[in-house]
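Here's the structure, in structure tokens; my notes come after.
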Amino acid sequence: MSTFEDKNYRWRETYFVLFPTAKRPKLKAVVKALGDLNPRYEIVNPRSDKHGAVESLTVVSPDDYAALDLCYTEGDEVLEMAPELVKDLKKSAADAPMPVPYEKILRYDGRFDVLHFERIAKEPEEPDEEEMLDPSALLIVLEALAELTGGLAVDPQSGTVLG
């Protein structure tokens, strides 16, 4: 079940982790890497292809009032999206803290879509929803996925490469 279907969560944004398909990790490696990041993270609905490579999973971080749906995409869809992404990244390049490897982005044919959701407060005495969502789980998971794949984490909304 996608977190989109869970009424307790609201979608906030989508990030990408771009990498070569040759570096697509096995599901077991992703589950272990993400589980090692924080013992409070709950990994649910893990799915792999017939070779054991990761297809999708959800990371729930109750302390951060967040959930992350991770979905794998490869091939033409990723390659066709790359020129538009590079164009958007170049628009915000003046603010970039480090050089953006545009040529790598154009060659990467694998991608994790990381959909960030916030848990919606149910109790009236809970603080304002905006104050509860902590982006640290998102940033930590993006960094781990980029490291695991040798790829780049990208925020397409802001045109920022995170690592």
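At-a-glance table
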{"item": "The range 72-83 - residue that is in a strand (DSSP E or B) and not charged (D, E, K, R) and, of those, farthest from Tyr41 (Cα to Cα)", "result": "Thr73"}
{"item": "Selected residue (only one of Asp6, Asp64 is crowded, with 20+ Cβ neighbours inside 10 Å and at pLDDT below 95)", "result": "Asp64"}
{"item": "Those residues of the range 22-40 which are touching a Ser or Thr at 6+ places or on another chain (Cβ under 6 Å) and surrounded by fewer than 16 Cβ atoms within 10 Å (Cβ to Cβ), in sequence order", "result": "Lys23"}
{"item": "Qualifying residue in the range 121-136 (condition: at pLDDT 95 or above, under 22 Å from Tyr65 (Cα atoms) and surrounded by fewer than 16 Cβ atoms within 10 Å (Cβ to Cβ))", "result": "no"}
{"item": "Every pair of residues 6+ apart whose Cβ atoms lie under 7 Å, when the first sits in the range 70-86 and is on the phi > 0 side of the Ramachandran plot while the second is surrounded by 14 or more Cβ atoms within 10 Å (Cβ to Cβ)", "result": "Gly75/Asp109"}
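Here is a yes/no grid of residues against (1) surrounded by fewer than 16 Cβ atoms within 10 Å (Cβ to Cβ); (2) of a type outside the set (Val, Ile, Thr); (3) in a strand (DSSP E or B):
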site	(1), (2), (3)
Ser56	no, yes, yes
Leu70	no, yes, yes
Leu85	no, yes, no
Pro99	yes, yes, no
Arg111	no, yes, yes
His116	no, yes, yes
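The values are calculated or read from the model by the stated rules, or taken from the named source; none is laboratory data. Quantities reported herein were computed from a predicted structural model and do not represent experimental measurements. Glycine gets a Cβ as well: all are built from the backbone with ideal geometry, and neighbour counts include every protein chain shown.
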